[in-house]
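Enquirer: Quick one: the structure is below, and I'll ask about it shortly.
The values are calculated or read from the model by the stated rules, or taken from the named source; none is laboratory data. Everything numeric in this text was worked out from a predicted model, so none of it was measured. Note: ideal-geometry Cβ built from the backbone for every residue, glycine included; neighbour counts use all protein chains shown. These accessible areas exclude ligands, DNA and RNA; they are computed on the full protein's heavy atoms, side chains included. Shrake-Rupley method; radii C 1.70, N 1.55, O 1.52, S 1.80 Å.
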Amino acid sequence: MAILVTGGAGYIGSHTCVELLERGEEVVVLDNFSNSKPEVIENIMKITGKQFKVYNGDILNKEDVLKVFSENDINEVIHFAGLKAVGESMENPLKYYQNNVVGSLILVEVMQQHGCNKIVFSSSATVYGAPEKVPVSEEFPLDPENVYGRTKYMVERILEDLAMADKNFSVALLRYFNPVGAHKSGLIGEDPEGTPNNLMPYIVGVASEKFECLRVFGDDYETRDGTGVRDYLHVVDLADAHLKALDKIRGENGTKIYNLGTGKSVSVLELIKAFEKSNNIKINYVVTSRRPGDIAECWASPKKAKEELGWSADKTVDEMCRDSWNYAKRKIGDK
Ligand code: NAD
Ligand code: UFG
């Protein structure tokens with residue numbers, strides 16, 4: 001019996017594979033490597049000392065998905081495969097609806113054909129849009145404001161409907177806040193192509209002198225220092241939540257929804273300071289105008305995940321900063 005990890009070579013998928021393998025689970029990865037590199041797979045094997053099957057294939061290609069299910073005894077799926085750039089999703093909506101929504105439909109169709117009825121899905125806090133208040137809990141209204149977020153919202157509803165219609169189905173919808181950090185080995189981490197959109201990879205880019213200066217997008221928000229406030233969580237804590245969610249849906253059918261964050265709020269300036277202090281590196285920054293579409297503050301109520309999964313994200317912001325930089329330094333050393 002194996003767990004299919006779609007997008008298992010990606011940032012969050014690779015860390016989750018490590019945790020699964022270290023717990024003794026059997027893992028099969030399906031990834032088209034559109035946003036990851038095959039060397040990640042070697043590094044997962046290096047960290048864990050374990051081998052597993054990897055399919056270079058696309059969830060949009062039903063034949064690829066069928067092949068995985070016919071050659072393995074898959075009884076659970078953790079579904080990470082997806083595109084995640086908000087800006088690109090607004091410029092090219094069909095690409096996002098196709099990959100994220102149609103791809104997920106194909107995946108669950110094949111699951112159904114093979115009697116596989118347990119899925120953990122990577123959703124996002126972006127499904128809440130601009131929340132009316134913070135911390136954000138799971139029953140807050142959903143109002144995604146960008147195409148990427150709408151693809152997450154749609155897949156959530158598709159899976160929920162499926163679990164309503166088929167009482168044997170169990171679904172966990174995990175709404176991630178802001179994952180950062182990397183595995184302590186420095187062998188896997190976040191490695192965006194080109195100019196990063198997100199704050200931590202950009203800070204790392206400045207630290208490694210790839211970029212001269214970080215632009216802080218606005219210091220006139222109604223927050224404690226005027227800059228945007230988010231809920232950053234360590235990717236290894238996030239990976240661990242997937243194991244807890246699996247345990248949950250192994251025991252109960254229906255749909256379960258969890259916000260995954262620390263419940264702690266951190267501003268842009270606070271994250272810069274924490275990075276500087278924990279790594280002893282100066283980060284040059286300049287304050288510019290707000291980034292269109294950004295919200296002032298967003299952090300999770302992690303209460304439900306704590307109560308129902310027994311999960312909490314406990315790694316500190318300093319660990320997140322140290323581990324992000326440790327991974328980047330190793331990459332620089334390799335070049
Ligand atoms: P990532 O891009 O690093 O990983 C996604 C993986 O899926 C990549 O390896 C990519 O090659 C693969 N993939 C994409 N489309 C595919 C397809 N059609 N067929 C097969 N493989 C495909 O992203 P990540 O940060 O690891 O995110 C994983 C999931 O979590 C995504 O669904 C993302 O939307 C969601 N998520 C991420 C964040 C975040 O900040 N990183 C926040 C919320 C939600
Ligand atoms: N920021 C900067 N400069 C940068 C990048 C970001 O000041 O170069 C600021 C933003 O304005 C924001 C904060 O840093 O205040 C965090 O920005 P990120 O882009 O890192 O994260 P967001 O919360 O804006 O967005 C992330 C993902 C989205 C996802 C959303 C909710 O990028 O895909 O979380 O889950 F939809």
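Enquirer: Counting residues that are within 24 Å of Glu297 (Cα to Cα), which helices (runs of 4 or more DSSP H) fully inside the stretch 62-159 reach at least 2?
Expert: 86-91
Enquirer: Hey, another quick one. Taking the stretch 180-217 as the search range and keeping residues that are under 15 Å from the mean Cα position of the chain (by Cα) and modelled with pLDDT under 95, which one is farthest from Ser289 (Cα to Cα)?
Expert: Asp191
Enquirer: I'd like to know if the stretch 169-176 contains one or more residues that are among the β-branched types (Val, Ile, Thr), more than 15 Å from ligand 2 (Cβ to nearest atom), part of a strand (DSSP E or B) and open to solvent by less than 60 Å² (accessible area, probe 1.4 Å).
Expert: Yes, the stretch 169-176 contains a residue that is among the β-branched types (Val, Ile, Thr), more than 15 Å from ligand 2 (Cβ to nearest atom), part of a strand (DSSP E or B) and open to solvent by less than 60 Å² (accessible area, probe 1.4 Å).
Enquirer: Just to be sure I understand, how many residues within the stretch 257-281 are more than 9 Å from ligand 2 (Cβ to nearest atom) and either assigned to a loop (DSSP other than H, G, I, E, B) or in contact with a Gly (Cβ under 6 Å, 6 or more places away or on another chain) (or both)?
Expert: Residues meeting the conditions: 7.
Enquirer: If Pro192 passes every condition in (1) open to solvent by 40 Å² or more (accessible area, probe 1.4 Å); (2) within 15 Å of ligand 1 (Cβ to nearest atom); (3) assigned by TED's automatic domain parsing to the domain that holds Lys37 but one, which one does it miss?
Expert: Tallying (1) open to solvent by 40 Å² or more (accessible area, probe 1.4 Å); (2) within 15 Å of ligand 1 (Cβ to nearest atom); (3) assigned by TED's automatic domain parsing to the domain that holds Lys37, Pro192 fails exactly one: (3).
Enquirer: Separate question: Can you name the residue in the stretch 135-168 that is among the acidic types (Asp, Glu) and open to solvent by 50 Å² or more (accessible area, probe 1.4 Å) and, of all such residues, is nearest to Asp247 (Cα to Cα)? Full working, then the answer.
Expert: Initial filter on the stretch 135-168 (among the acidic types (Asp, Glu)): 138-139, 143, 145, 156, 160-161, 166.
Checking the rest, the ones that are also open to solvent by 50 Å² or more (accessible area, probe 1.4 Å) come to 139, 143, 145, 160-161.
On the way: Glu139: 22, Asp143: 29, Glu145: 32, Glu160: 19, Asp161: 22 Å.
Going through the qualifying residues, I end up with Glu160.
Enquirer: Given the conditions (1) of a type in the set (D, E, K, R); (2) touching a strand residue (DSSP E or B) at 6+ places or on another chain (Cβ under 9 Å); (3) within 16 Å of ligand 1 (Cβ to nearest atom), which single one is not true for Lys331?
Expert: That leaves (2) as the condition not met.
Enquirer: Here is a further query. Of all the residues that make up the stretch 51-82, how many are open to solvent by 30 Å² or more (accessible area, probe 1.4 Å) and either of a type in the set (A, V, I, L, M) or within 16 Å of ligand 2 (Cβ to nearest atom) (or both)?
Expert: 4
Enquirer: Filter the stretch 282-311 down to residues that are more than 20 Å from Val229 (Cβ to Cβ) and in a loop (DSSP other than H, G, I, E, B), then give me how many there are.
Expert: Looking only at that region, the number is 4.
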